[in-house]
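The values are calculated or read from the model by the stated rules, or taken from the named source; none is laboratory data. Since this is a predicted model, take the numbers as computed values, not measurements. Neighbour counts run over all protein chains shown; Cβ positions are idealised from the backbone, glycine included.
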Amino acid sequence: MNEPIIRVENLRTGFGDFVLHESVSFEVGKGEVFAILGGSGCGKTVLLKNMIGLYTPLAGRALIAGKDIARASATERLEILKRIGVMYQLGALFGSMTLAENIRLPLEEYTELPDEAMELVARMKLELVQLQGAEGLVPAEISGGMMKRAAIARAMALDPDIVFLDEPSGGLDPITSAELDQLILRLRESLGITFVVITHELPSIFTIADRCIMLDKEAKGIIAEGKPADLRDHSPNPRVRQFFNRKAEPEAVAA
Amino acid sequence: MAAALALQPEAGGFATIALSGRLDAYSVGPLWAEAHAALRANPRARVVVDCSRVDYCDGAGVALLVDLLRQARPAGAEVEVRGLAERFRKLLDQFDPKALAAGGPALAPRPPFLERVGRAGARLYDDLYALVAFLGEASAALAYAVRHPRGIRWGDALRIAEEAGVNALPIVALIGFLMGVILAFQSAVAMKPFGAELFVANLLSLALLRELGPLMTAILLAGRSGAAFAAEIGTMKVNQEVDALTTMGLDPVRFLVVTRVLAATAMTVPLVVFADLIGLIGGALVMLTFDIPLLAYYKQAVSFTQVGDFVGGLAKSVVFGLLIAGVGCLRGLQTETGAAAVGISATSAVVSGIVLIVFVDGIFAVLFFYLDI
C-alpha cells in the first residue's frame, strides 16, 4: 500500500444514542481502489458520510490527506472538499439544470476556464460515461442508469484526488457496469485517483478493488479487511466467505 | 510546477506550442486563450503541441489538447500532440477530437410569435380542462365519501385538520386583530368630525362578517395549507408514492384529495368565526380610546348586523375552503419530476387559490345582491 491518503481512526458513527459502528479504523492508500462492502443496513453510506464530513462522528476521526474534515475550519474544509468528488446513491443531480450544466457548476464556481472550455469539459466527461448527446437533457428526462452515470461524471468534473462512489453500478446493465470498471481503473492508472467505492457487485469488486473492508450490522464494525480474492478463499469468518461466494443463509439446522 | 505555454515560431516546417507543468482544471484556464492565439498566429503552418515537459494532465488538460486538435485547419496545417507521457496519452486517446468538433447539440430555435400564442392558448385550454376534469373527479370522490363515511381515512383527516386548522390559529388571530384595529382606527378618524364614531361599529361588523373575515382567512389558508398540500402531494408524486397508491388499487384522489379537502373545508368555518371575533375585539379596543364603551359598541354592532350577514360570510368561506384545498391537491398531482417542479406546484397552488378566491367572491357579491341578503 502506498502512503495513506485517507485514515479513519476509531470512528464511532450513529445518531444520538443509536450507535451504528462501535470503532472503525482503516486506511486507504493513494491511488488505491478501496471497496466498502456489507449487507444492507450495515451502515456503509453512513460511514461514507462520516468520512466526507456530512455527518459528525460520535467519536474518533476521519482524516483526508491528513486533515480532519469534521473539525476543519471553513477554508480548510473547502480545500478538502475541492480534492474530493462524491457520487450519491440516487444521483442527486440538480433537477433544474441540464446534465451539462450539472457538470459545469463546479467548473464555473472554482476554475477560470473560458466558457467554451467548460462546455468541452462537460461534453468529454459525459462521453466518458457514454452519455454523449445527452448534454441538453434534464435529469427528469433520463433513466435511472443514465442518472448514475451522469452523477459519476459530475463527481469527476474537477478531476479530484479522491472519488467516493456510493453504489455506482447498482441499476446499470452489465455492459455499462463493466465499462465503468474499466473507466475507474484507467483513471486510477493515469491520474492516480483514489477511489472509495460502496458496491455489492461481486464481479466489479473482484475486477477493481485492491482492498476492501466488510462491515457487519451485528458486529457494529469491520469483520474482514483485505484483498477480495483472499477473503473469498481464506477468510476464517463464514459470513464473509458466504458474501463473496454469493451463498444464501445456511439452513438453521445443519444436516 | 505551474502550467506554462511557450510559442516557438515556425521552423523546419512547423511551429511549436510547448506546454509544461501541471495541466489541471485550475491551471489551464489562463492558458486556453493563449493557446488559441498561438494557433491563429500560424494559420497555414503545421503546429506541434509539445507536451514532453507536462508532468500532470487531468481531464481539463486533456480538454485543452482536444480543443486544439478539433479546430478546423486547412490541409497541411494540422495540429499534432507530441511527447505526451504514455499514461496521459491514454486519457487523450479516449476521445475523438473531430467528433467533438461539431459544437454541442443545437438549441431549438425560438418559435415564431403565432406559434407561441397558439401554444399558450393550448396550455390554458389544457389547464382548464384538467381543472374541470379534476372538479368532476373530486366531486365524485367526495360524493362517494359522503355515502361511505367509513371509507374515509379519519386519522389522516384529523392530522390534516390539526395542521391546517388548529396550527393556523395564531396567524389568523394576528391578522384578524390587526385588521380590526386598523379598520376601526382609520374609520374612526374619518368619522370623528361628524361625531359619528359610534357608527364605526356598524362598518366594522358588516365589513368583517361579510367580506374581510372570510377573505383574509381564505388567503391565509391558501398560503399555508394550499401550498402545503401541493408540496406534499407533489413530493409524493416525484417519489413515485402516487404511482404506488395507484398500483395498489387505491385512487389517489380518494386517498389524498378527499381527506385534505374535507379537513381543510371543515376547518375554514371555525377559523373564519375566530377571525371575525378577534377582529371585532380589536375594533372594540380602539373604540375604547375614542370613548365608546364596550357595551355601546356591542349593542350597536348587534342591532345593525343581521344573521344573514354572518351566515353569508360562512357560506362563502366553505366554498373558499373547498377551492383552496382542491386546487392545492390538483397542483400537487400535476407535479412533474424534480425538486424544482415541487416549488412550481406550491407557487401555482397559492396563485390559483387566490385567483379563485377573488373570482368566487365576486360571484357571491352579485348573488347576495340579487338575493337581497
Is region A:225-245 home to any residue that is under 30 Å from A:V129 (Cα atoms) and in contact with a Gly (Cβ under 9 Å, 6 or more places away or on another chain)? yes
Can you tell me which condition A:N102 does not meet? The list is (1) more than 15 Å from the chain's Cα centre (by Cα); (2) of a type outside the set (G, A, S); (3) at pLDDT below 85, and all the others hold. (3)
Determine the pairs where a residue that is without any contact (Cβ under 8 Å) to a residue 24 or more places away in the chain, located within region A:60-87, has a partner that is among the polar types (S, T, N, Q) with Cβ atoms under 9 Å apart, the partner being 6 or more residues away or on another chain. A:A70/A:N50; A:A70/A:T56; A:R71/A:T56
Selection status of B:A244, touching a residue at least 60 places away in the same chain (Cβ under 8 Å), assigned by TED's automatic domain parsing to the domain that holds B:G176 and not basic (K, R): no
Using the structure shown, decide if B:L114 is touching a strand residue (DSSP E or B) at 6+ places or on another chain (Cβ under 8 Å) and either outside the structural domain of B:P43 (by TED's automatic domain parsing) or surrounded by 12 or more Cβ atoms within 10 Å (Cβ to Cβ) (or both). no
So, B:E78, is that one among the charged types (D, E, K, R), surrounded by fewer than 16 Cβ atoms within 10 Å (Cβ to Cβ) and either under 26 Å from A:A153 (Cα atoms) or modelled with pLDDT of 85 or more (or both) or not? no
Out of (1) farther than 17 Å from B:G332 by Cβ; (2) buried (at least 17 other Cβ atoms within 10 Å of the Cβ); (3) over 22 Å from the mean Cα position of the chain (by Cα), what's the single condition that is false for B:A157? (1)
What's the number of the only condition in (1) acidic (D, E); (2) farther than 18 Å from A:L180 by Cα; (3) facing chain B (nearest Cβ under 9 Å); (4) assigned to a helix (DSSP H, G or I) that A:E127 fails to meet? (2)
Go through (1) exposed (fewer than 11 other Cβ atoms within 10 Å of the Cβ); (2) part of a helix (DSSP H, G or I) one by one and return the number of the condition B:V181 breaks. (1)
Would you say B:F310 is within 25 Å of B:G279 (Cβ to Cβ), buried (at least 24 other Cβ atoms within 10 Å of the Cβ) and out of contact with any Phe, Trp or Tyr (no Cβ under 9 Å at 6 or more places or on another chain)? no
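Per-residue answers, yes or no, for (1) within 13 Å of A:L37 (Cβ to Cβ); (2) of a type in the set (S, T, N, Q); (3) touching a residue at least 24 places away in the same chain (Cβ under 8 Å):
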position	(1), (2), (3)
A:T176	no, yes, yes
A:E179	no, no, yes
A:R188	no, no, yes
A:S204	yes, yes, yes
Subset of region A:141-172, residues assigned to a loop (DSSP other than H, G, I, E, B), away from chain B (no Cβ under 12 Å) and in contact with a helix residue (DSSP H, G or I) (Cβ under 7 Å, 6 or more places away or on another chain), comes to A:P168, A:S169, A:G171, A:L172
Output for Cβ contacts, cut-off 6 Å, separation at least six or different chains, first residue in contact (Cβ under 8 Å) with a residue 12 or more places away in the chain in region B:346-367, second charged (D, E, K, R) and surrounded by 21 or more Cβ atoms within 10 Å (Cβ to Cβ), reads B:S348/B:R331; B:A349/B:R331; B:F364/B:K316
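Yes/no matrix, rows are residues, columns are (1) among the small types (G, A, S); (2) at pLDDT 90 or above:
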| residue | (1), (2) |
| --- | --- |
| B:G118 | yes, yes |
| B:A122 | yes, yes |
| B:Y125 | no, yes |
| B:L128 | no, no |
| B:L131 | no, no |
| B:L135 | no, no |
| B:R147 | no, yes |
| B:R150 | no, no |
| B:R153 | no, no |
For region B:33-46, state whether one or more residues are in a strand (DSSP E or B) and either at pLDDT below 85 or facing chain A (nearest Cβ under 10 Å) (or both). yes
Does B:L124 meet the test of being outside any loop (DSSP other than H, G, I, E, B), closer than 27 Å to A:L131 by Cα, more than 9 Å from chain A (Cβ to nearest Cβ) and of a type outside the set (G, A, S)? no
In this structure, is B:I281 part of a helix (DSSP H, G or I), in the same structural domain as B:G176 (by TED's automatic domain parsing) and surrounded by fewer than 20 Cβ atoms within 10 Å (Cβ to Cβ)? yes
All but one of (1) over 19 Å from B:L31 (Cβ atoms); (2) outside any loop (DSSP other than H, G, I, E, B) hold for A:L120; state the number of the condition that does not hold. (1)
Please indicate, with yes or no, whether at least one residue in region B:24-32 is within 14 Å of chain A (Cβ to nearest Cβ) and either of a type in the set (K, R) or in contact (Cβ under 8 Å) with a residue 60 or more places away in the chain (or both). no
For region A:54-77, does any single residue satisfy the condition of being at pLDDT below 90, among the aliphatic types (A, V, I, L, M) and within 17 Å of A:V129 (Cβ to Cβ)? no
Considering every residue within region B:52-74, establish whether at least one is away from every other protein chain (no Cβ under 14 Å), modelled with pLDDT under 85 and surrounded by 15 or more Cβ atoms within 10 Å (Cβ to Cβ). yes
Of the residues in region B:199-226, how many are surrounded by fewer than 24 Cβ atoms within 10 Å (Cβ to Cβ) and closer than 15 Å to B:V327 by Cα? 4
Can you tell me which condition A:R104 does not meet? The list is (1) of a type outside the set (G, A, S); (2) touching a Phe, Trp or Tyr at 6+ places or on another chain (Cβ under 8 Å); (3) within 17 Å of A:A153 (Cβ to Cβ), and all the others hold. (2)
What about B:V79, is it touching a Pro at 6+ places or on another chain (Cβ under 6 Å), without any contact (Cβ under 8 Å) to a residue 60 or more places away in the chain and of a type in the set (A, V, I, L, M)? no
Those residues that are farther than 30 Å from B:M216 by Cβ and either of a type in the set (A, V, I, L, M, F, W, C) or in the same structural domain as B:F274 (by TED's automatic domain parsing) (or both), I need them from region B:129-147; list them, please. B:A133, B:A140, B:A143
If the requirement is being farther than 19 Å from B:P270 by Cβ and either within 20 Å of the chain's Cα centre (by Cα) or not acidic (D, E) (or both), which of these qualifies: B:V311, B:V355? B:V355
Output yes when any residue across region B:86-107 is away from every other protein chain (no Cβ under 14 Å) and more than 22 Å from A:L120 (Cα to Cα), and no when none is. no
Exactly one of B:I344, B:I324 is assigned to a helix (DSSP H, G or I) and touching a helix residue (DSSP H, G or I) at 6+ places or on another chain (Cβ under 6 Å), and that residue is B:I324
